[in-house]
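The block underneath contains the structure these notes are about, expressed in structure tokens.
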Amino acid sequence: KQWYQRRVVITAGIDDCAKYPDRSKCCRVNLVKMLPFAIDRMSSNGTEAFQQPVTLDVAPNYFDFVHYPMDLKTLRDHAQAGKFMCTQHFLDEARWILHNCIIFNGGKSRLTALARTVYNVCTHEMQEINLCPDCFLNSCVSQKDWFIQPCKKDHRLVWAKLRGFPFWPAKVLQKQGQQIDVRFFGQHERAWVHESNTLDIGDEPPSGHRNKEAGTNRASSEDEMKRYIDNMKKLGRWPIDLSRIQESLEDTDGVRSPKPETTSTISSVIKKKKVPTATLR
């Protein structure tokens, strides 16, 4: 009875997407394209125990403990069928993999540690979709010059400086307090930078901040930034209206994104704990 009540509460929350301010992130058509890439990352080597539904032939007493089975194949089938209304809906369903593993194997099981990491990867992927669906999809399909293609969401451009490096052109993805999450032009790497170490960007680098010792990587990054600005100008979206940009956590559908370096990987858990993939969940 308690499980049934819990299920009803979750479903009621899923059916009401009014709390998500950006309806494009709840679009089933967009999620049909993006969710399979997220499931691929959740399905790394070592997750075989979660790939297919558990059958009575394998575990006769499984359904005495598990009342709402879930696995990666079921998630993929539902995603391809367009059943997920938003990222939170998908996250709620994926959480059952971890829940069921804890119920059947115990909270201290090695397999449960892997299930928890699978769920953490899922959480991270949903956060990336919420930050910018266009960036997520373009990076997954490896579209040529994807980073210079304007997104539906305007990205503030800045010169960001890390210790030991010159100011580098970057896109702002989100902001937490005085910390800014940026993705750099060039290698497209991510980093958190203090707001005091950033400068708003224009058509040209601000005087006094060019590094004469910067090599071809810096020049290539600046060239990519200029091509991005040219594409924005063609759409009449440059200069960017900063008043329209929403980059705080409150503007990311309520899903809070941790700093990238805190996200653990499935392979690291398998290596540390040597999870036996044949164990039942």
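Assorted remarks:
- Residue 92 vs. criteria under 19 Å from the mean Cα position of the chain (by Cα), acidic (Asp, Glu) and open to solvent by 10 Å² or more (accessible area, probe 1.4 Å): yes
- Here residue 90 passes the criteria (1) within 21 Å of residue 48 (Cβ to Cβ); (2) not in a loop (DSSP other than H, G, I, E, B) except the one numbered (1).
- Odd one out for residue 75 among (1) open to solvent by 30 Å² or more (accessible area, probe 1.4 Å); (2) of a type outside the set (Val, Ile, Thr); (3) in contact with an Asp or Glu (Cβ under 8 Å, 6 or more places away or on another chain): (1)
- Residues (touching a residue at least 24 places away in the same chain (Cβ under 8 Å) and either open to solvent by 30 Å² or more (accessible area, probe 1.4 Å) or within 12 Å of residue 201 (Cα to Cα) (or both)) located in region 224-238: 225, 227, 229, 231, 235, 237
- Region 30-63 - residue that is β-branched (Val, Ile, Thr) and closer than 30 Å to residue 132 by Cβ and, of those, modelled with the highest pLDDT: 39
- Enumeration of residues in region 64-98 that are touching a Pro at 6+ places or on another chain (Cβ under 7 Å), hydroxyl-bearing (Ser, Thr, Tyr) and under 18 Å from residue 128 (Cβ atoms): none
- Cβ-Cβ distances below 6 Å connect the following pairs, each with a first residue in region 29-43 that is touching a residue at least 12 places away in the same chain (Cβ under 8 Å) and in a helix (DSSP H, G or I), a second residue that is of a type in the set (Val, Ile, Thr) and crowded, with 19+ Cβ neighbours inside 10 Å, and a separation of six or more residues or different chains: 34/129; 41/121; 42/118; 42/121.
- Restricting region 96-109 to residues that are of a type outside the set (A, V, I, L, M, F, W, C) and under 18 Å from residue 62 (Cα atoms), the residue that is surrounded by the most Cβ atoms within 10 Å (Cβ to Cβ): 100
- A single member of 89, 67 is in contact (Cβ under 8 Å) with a residue 12 or more places away in the chain and closer than 22 Å to residue 28 by Cβ, and it is 89.
- When region 25-50 is filtered for residues that are open to solvent by less than 50 Å² (accessible area, probe 1.4 Å) and closer than 17 Å to residue 116 by Cα, the ones remaining, listed by number, are 38, 39, 42, 43, 44, 46, 47, 49, 50.
The values are calculated or read from the model by the stated rules, or taken from the named source; none is laboratory data. The structure presented is a predicted model; accordingly, all values stated were derived computationally and were not measured. Neighbour counts are summed over all protein chains in view; Cβ atoms, including those assigned to glycine, are modelled from backbone coordinates with ideal geometry. Heads up: the accessible areas ignore ligands, DNA and RNA and are worked out on the full protein's heavy atoms, side chains in. Shrake-Rupley method; radii C 1.70, N 1.55, O 1.52, S 1.80 Å.
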